2 protein chains.
Amino acid sequence: MSSDGSVTGDDEAVRTAGRGRRGPYAKSESRREEILDRAIEVFAERGVDGTSMRAIGEAVGVSHAALKHYFPSREALLVEVLRRREARLVEDVTARAGDDFTSLRLLADATVRNAAEPGFVALHTAMLATGVLDPDGEAGEHLVARYREARGRIADDLATGVMAGRPITEVADVAALLLAASDGLQAQWLLEGGTNGDVDLVRSYGLLIDLIGTRRGAQG
Amino acid sequence: MSSDGSVTGDDEAVRTAGRGRRGPYAKSESRREEILDRAIEVFAERGVDGTSMRAIGEAVGVSHAALKHYFPSREALLVEVLRRREARLVEDVTARAGDDFTSLRLLADATVRNAAEPGFVALHTAMLATGVLDPDGEAGEHLVARYREARGRIADDLATGVMAGRPITEVADVAALLLAASDGLQAQWLLEGGTNGDVDLVRSYGLLIDLIGTRRGAQG
DNA sequence: CCCCGAAACCTCCAAGTGGAGATTTTCGTC
DNA sequence: GACGAAAATCTCCACTTGGAGGTTTCGGGG
């Protein structure tokens, strides 16, 4: 039982005095995963306006109210979809990096892989729209934390690598730029219909990386 | 009367045979503007989910159905809000540019000025989330056109200026990057609460412009 | 196997939504 | 001023939405 009252698969079984439940149902975790799986499908198909708790519940095969047991609100559910996606993306690109284990490489890879799934790009963008107006809300808090963490990690890596010796403000700016460009290019690329459009995602992002790496004073 | 059936202030009065209306009411244009004005206020306050035709109608002081006379749908209304904003922003930064009349300067200025109004950033971002999933929809079509136009203009300017002689693919990539970074940085900046957060919008965007301007082979 | 109680899920409800068709307002013409 | 008709606006309606409280399911313990 997590602190927000919703059930997660990671929590230790609750110990109750005497008779009674010692933990979640056996099917809890798989149900929760299924909800998240169906939610992104519904989102990708119907967009943010069409993704009600009822629409998701229908896709899962339960009532909308059943979802509330796992997630306190639609927003919380969608944020969790995003969080899970982010975790998987990191895992995935890290595993693929092999010995080319720099932030720049990981970022470029993550950008391309994420863009391949418009649903996630759209979800991230929709949450961003919400978070921009309400950084203290569920979506906002998640994104604030997420971007801070990412900027921090990227900056650390740049500072010990390609941008060693540069002022920390410059390193911070580059980290912010890398994330910003990733988001913005993915959106433009998808608007252009993907591979055959006017935006070449890989080449454009690669150019930014090149600009950073060839800046005067940057480590070769 | 425009082609989509909604009333715009730009159309020439309709000429009808014999008796009957020769044009819109005297108050049509001001009403339409008022709807757009109230819509962005409602959006900024309540976010995309809270901005129904009813909420906007209430803010204007008319029924939700009255809005339908001017705009066929909520999406069309919000796209028009965005369009109007874009036009004003271009007008504004152009007027302020004086003799420093390059895309880079205009872009930097527009980025900062736009970010000062979170409602518009959020609206643009929300429309982007919709457009990414449905580039053929109302929001998507507008954004596709808008970005293409912007990339084209920026590329033209770069090609005759700071990036003269560079390959056209590189110029196109830079144009896409400049727009992407502008969007992404504004969002991060707002998530961070604006001026006192971890992201320095002006400095970060300035760094990108600097990177482009100091690239090997770029015109000093 | 039975009991118990919390986990999981449901139905009903009130509130909100956009659309259809009815009604009111405006204004050009005579 | 009267008339007519389109512009502008309204009310009513069916449908959708999330929440509250009721019901069913599951599994630990005896």
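A compact table of results
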| item | result |
| --- | --- |
| Of the criteria (1) of a type in the set (Val, Ile, Thr); (2) near DNA strand C (Cβ under 9 Å from one of its atoms); (3) at pLDDT 95 or above, which one B:Thr16 fails | (3) |
| Residue in the range A:63-75 that is more than 14 Å from chain B (Cβ to nearest Cβ), small (Gly, Ala, Ser) and either in contact (Cβ under 8 Å) with a residue 40 or more places away in the chain or away from DNA strand C (no atom under 15 Å from the Cβ) (or both) present | no |
| Residue match in the range B:88-102 (condition: away from DNA strand C (no atom under 14 Å from the Cβ), in contact (Cβ under 8 Å) with a residue 12 or more places away in the chain, within 22 Å of A:Gly193 (Cα to Cα) and of a type in the set (Ser, Thr, Tyr)) | no |
| Helices (runs of 4 or more DSSP H) enclosed by the range B:74-193 - at least 3 residues per element that are within 23 Å of B:Ile35 (Cα to Cα) and modelled with pLDDT under 95 | B:74-97 |
| Checklist (1) open to solvent by less than 50 Å² (accessible area, probe 1.4 Å); (2) within 14 Å of chain B (Cβ to nearest Cβ); (3) more than 8 Å from DNA strand D (Cβ to nearest atom) applied to A:Arg46, failing item | (1) |
| Breaking point among (1) open to solvent by less than 40 Å² (accessible area, probe 1.4 Å); (2) within 8 Å of chain A (Cβ to nearest Cβ), for B:Asp198 | (1) |
| Residue count for the range B:152-180, restricted to those that are buried (at least 24 other Cβ atoms within 10 Å of the Cβ), among the aliphatic types (A, V, I, L, M) and out of contact with any Gly (no Cβ under 6 Å at 6 or more places or on another chain) | 6 |
| Residue within the range B:22-40 that is within 12 Å of chain A (Cβ to nearest Cβ), more than 18 Å from the chain's Cα centre (by Cα) and open to solvent by 50 Å² or more (accessible area, probe 1.4 Å) present | no |
| Sole residue being among the hydroxyl-bearing types (Ser, Thr, Tyr), open to solvent by less than 20 Å² (accessible area, probe 1.4 Å), more than 21 Å from A:Ala44 (Cα to Cα) and assigned by TED's automatic domain parsing to the domain that holds B:Ile209, chosen from B:Thr111, B:Thr125 | B:Thr111 |
| Residue in the range A:85-108 that is among the small types (Gly, Ala, Ser), open to solvent by less than 50 Å² (accessible area, probe 1.4 Å), away from chain B (no Cβ under 14 Å) and over 24 Å from A:Asp134 (Cα atoms) present | yes |
| Test set (1) open to solvent by less than 60 Å² (accessible area, probe 1.4 Å); (2) at pLDDT 95 or above; (3) within 23 Å of A:Ala139 (Cβ to Cβ) - A:Val62 fails condition number | (3) |
| Sole exception among (1) within 15 Å of DNA strand D (Cβ to nearest atom); (2) among the basic types (Lys, Arg); (3) farther than 17 Å from B:Ala139 by Cβ for B:Arg88, by number | (1) |
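The values are calculated or read from the model by the stated rules, or taken from the named source; none is laboratory data. Because the structure is predicted, anything quoted here is derived from the model rather than measured. Virtual Cβ from ideal backbone geometry, glycine too; neighbours counted across all protein chains shown. Quick note on the areas: whole protein, heavy atoms, side chains included, nothing else; ligands and nucleic acids left out. Shrake-Rupley method; radii C 1.70, N 1.55, O 1.52, S 1.80 Å.
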